[in-house]
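Below: the structure, in structure tokens.
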Amino acid sequence: MAARDAASLLVGLLVLFHTWGVWADVQVNMEDRVEVFRGETAQIACMYTSADGVGGMIIQWFYVTQSGEKQKIYYQDTTMKVVDRGTPFTERISVNGTGATGEVVLTISEVQIEDELEFICLIKSLTDGAGEGRTKLKVFEIPNLPTIEGVQTGISVNKDSPSMIGTCEVKNGFPKPNITWYRNNTPLRSAQDVVKIVPSITTESSGLFSAKSELSMKVVKEDKDDSFYCEVTFFVPGGTRMTETNRINITVYYPSTAVSIWVESPKGKIKEGDSIVLRCHGNGNTPSLISIMHDGKSSDTNMLVLENATRLDSGDYLCTSTDTDTFEEISANTSVFVNYLDPAMVMPNDTIVVDQGQELNATCNASSTLQTHTVWFKDEKEVSKNQRLILNNNTFDTAGTYVCVVTVPEIEGMETRGKLHVNVQGPPEIMEPENVEMESFQTTVNVSCKVRGFPAPSVTWTTSDGKVLKTASQTETEEGIWSVVRVTVTSDITVFCNASNDHGTDAVTFSIKATTNTTTPATTTSTTIFSATVKAETAIPPKKIKKEGSGVIIAVLIICILLLAILGSVLYFLYKKGKICGRSGKQDLTKEKSNKDNIVVEMKSDNTEEAVLLGVNGEKQSSNDQGGEYLDLQK
């Protein structure tokens with residue numbers, strides 16, 4: 001019995017040692033795993049010891065197939081090194097070391113996903129002792145950046161089951177990447193009837209993995225501002241890494257629990273003529289039907305525009321919101337008040353006639369919903385800051401048009417106006433002309449006359465000799481009449497402007513002096529004295545004669561002409577009497593063209609070379625001193 005038990009124990013130990021792959025006389029040590037990125041080079045080390053020493057060992061490398069079989073890929077002894085043909089590693093492996101150092105290294109280049117296998121290093125000694133070690137090769141591939149896509153439609157809070165929120169996806173990683181959903185930085189976990197997460201893995205033709213995750217959730221109103229994103233974790237040699245997607249928001253449809261209606265414009269108080277914009281909005285975002293109603297009229301939108309508003313648009317406006325899912329209605333209202341300012345009413349109305357010296361009382365009022373302010377103007381000048389206009393002791397100066405302006409200080413642009421035409425009744429009054437005495441250098445001149453009075457005066461024009469002139473133009477003004485006459489001036493003339501109405505008359509006199517502005521051509525005066533011919537030529541330069549000295553100058557000219565005539569007569573008389581020149585006969589009387597107004601007469605006989613020149617000033621001059629042209633006149 002004891003012998004049988006001992007034999008059984010020996011067999012068991014032999015089986016155990018064989019299972020461990022370790023012979024008592026050869027020890028093999030290898031790493032549990034070697035990690036490498038796809039496409040890189042992997043090195044698997046095999047270290048061993050033996051009681052016989054490390055020389056002359058047989059070294060073999062195997063890999064374990066997916067089915068669990070050992071497949072040899074390399075053999076080495078003291079005489080040769082052989083890479084097995086027809087394996088996936090034939091062209092990509094090499095072994096470093098001869099075994100003399102107790103270490104060999106298997107190098108695999110361009111590692112692929114399919115290379116993630118278990119590799120075996122088998123060492124045999126010269127005494128047939130053997131040992132083996134195993135290492136798992138782990139291959140990694142960093143996946144693409146993850147993507148997230150949210151639903152494009154809104155999600156209603158009225159849904160009874162979880163609604164799709166979005167989908168996260170990450171592609172081409174190895175080993176399988178992991179996806180985790182987050183809401184506002186908080187990870188989400190599946191919860192029945194509230195949160196549903198459905199992951200899926202796809203193996204690509206390259207052997208890489210693509211992961212996908214769908215999130216569905218039952219939303220509430222508070223989720224309308226939430227953000228969602230995905231976190232992806234994946235393995236790399238020596239640890240793990242993480243990356244995140246961008247964040248998305250969802251549209252949550254929730255019914256309104258209240259609505260608001262308000263006047264969007266204008267801001268502040270409203271006046272007639274404004275454009276009023278009313279808006280209605282609920283605190284929910286579920287599609288709903290909104291209408292605004294007023295005085296039996298309605299608008300099927302959330303905005304109502306009232307163009308050119310009037311006081312009739314004042315009142316309550318009702319906004320109603322109807323949920324399209326539940327058809328529940330909620331409503332709210334607001335009041336609109338349109339301020340108005342009626343047209344100004346002036347009393348007395350339009351036009352009034354008052355006598356000179358009489359007092360006038362007028363009022364201007366405009367009904368309004370707000371406090372008003374009234375100002376009276378005449379000729380754009382302020383005359384009163386009151387509803388009442390009082391004019392004492394009226395004159396023509398107070399006649400005219402008065403404008404009352406009524407404004408509402410609280411609202412800019414709210415204004416109305418009224419007018420009052422005041423006529424002051426009285427005899428005509430001719431406004432003092434600028435010049436009643438004038439001189440004219442033209443053949444015609446315009447004379448104007450402005451007359452105040454009411455009723456409008458009648459204006460006529462006459463001259464000092466009783467002639468009635470035809471009026472050139474006559475215009476009726478607020479003050480009276482403006483009349484213009486065109487006067488023909490051939491000589492001094494006096495013109496009268498005559499104005500009259502039912503209350504009296506008035507007149508003004510215009511004196512017009514006729515003033516010439518011409519160059520008088522040379523005049524020839526011939527005088528026969530005895531048998532001599534006399535020529536007098538006078539050049540008169542152009543001259544403007546002033547009104548105050550014109551009469552004196554004309555008188556002087558007349559006296560000079562008379563003196564010349566008298567002198568000629570005396571000379572002629574003396575000649576006839578034989579008192580001059582001693583004999584009769586032909587004589588030349590020549591006048592030299594003199595400067596200014598001197599008239600010189602030269603008396604020359606036929607028997608002598610001496611001539612006597614007489615001037616108008618009575619002085620005797622020698623004929624040799626004269627350079628003028630002589631003309632002979634026959635007796």
Taking the mean number of other Cβ atoms within 10 Å as a proxy for protection, how do you rank 187-195, 506-514 from highest to lowest?
-> 506-514, 187-195
In whole Å, largest first, the alpha carbons of segment 147-253 cover along the principal axes 47, 25, 24
Can you put ASP226, ASP295 in order, fewest other beta carbons within 10 Å first?
-> ASP295, ASP226
Long-range amide H partners of LEU117, meaning residues 5 or more apart or on another chain whose placed amide H is closer than 5 Å, are LEU137
Can you give the convex hull volume per residue for the Cα atoms of segment 90-180, as a whole number of Å³?
-> 168 Å³
When the Karplus curve 6.51 cos²θ - 1.76 cosθ + 1.60 is applied with θ = phi - 60°, which whole-Hz ³J(HN,Hα) does each residue of segment 231-245 get, with x for Gly and Pro?
-> 10, 10, 10, 8, 8, 9, x, x, x, 10, 10, 9, 9, 10, 8
Name the residues whose placed amide hydrogens come within less than 5 Å of the amide hydrogen of VAL219, ignoring near sequence neighbours (fewer than 5 apart) on the same chain.
-> SER163
Cβ-Cβ cut-off under 13 Å around LYS212, Lys and Arg +1, Asp and Glu -1: the net charge is -2
So what's the convex hull volume per residue for the Cα atoms of segment 319-406, in Å³?
-> 122 Å³
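By the scheme Lys and Arg +1, Asp and Glu -1, what is the net charge of all other residues having a beta-carbon under 10 Å from that of ILE248?
-1
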Once phi is turned into θ = phi - 60°, what whole-Hz ³J(HN,Hα) does the Karplus curve with 6.51, -1.76 and 1.60 give for every residue of segment 463-478, x standing for Gly and Pro?
-> 10, 5, 8, x, 6, 8, 8, 7, 5, 6, 7, 8, 10, 8, 10, 5
Specify the inter-centroid distance of segment 108-159 and segment 252-316, based on alpha-carbon positions, in whole Å.
-> 66 Å
Here segment 271-279 yields Karplus 3J(HN,Hα) values (6.51, -1.76, 1.60; θ = phi - 60°; whole Hz; Gly and Pro given as x) of 10, 4, x, 6, 9, 9, 10, 10, 10
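Tell me, what is the FRET efficiency for ASP77 and ASP32 to the nearest 0.05, using R0 = 22 angstrom and their Cβ-Cβ distance as r? It would help to have the intermediate numbers written out before the result.
Values: r = 28 Å, r/R0 = 1.26.
For R0 = 22 Å, the calculated efficiency reads 0.20.
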Among the GluC sites (Glu not before Pro) within segment 110-182, which fall in a DSSP loop and have no more than 16 other Cβ atoms within 10 Å of their own Cβ?
-> GLU110
Using Cα pairs under 8 angstrom and six or more residues apart, how large is the relative contact order of segment 345-427, in percent?
-> 38 percent
Which of LEU574, LEU145, LEU215 comes first, and how do the rest follow, when ranked by fewest Cβ neighbours within 10 Å?
-> LEU145, LEU574, LEU215
Overall Cα dimensions of segment 18-140 - principal axes, largest extent first, Å | 40, 29, 23
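Quick note: the coordinates plus some simple rules give every number you see, no bench work behind them. As the structure is a prediction and not an experimental result, all values here were calculated from the model. Neighbour counts run over all protein chains shown; Cβ positions are idealised from the backbone, glycine included.
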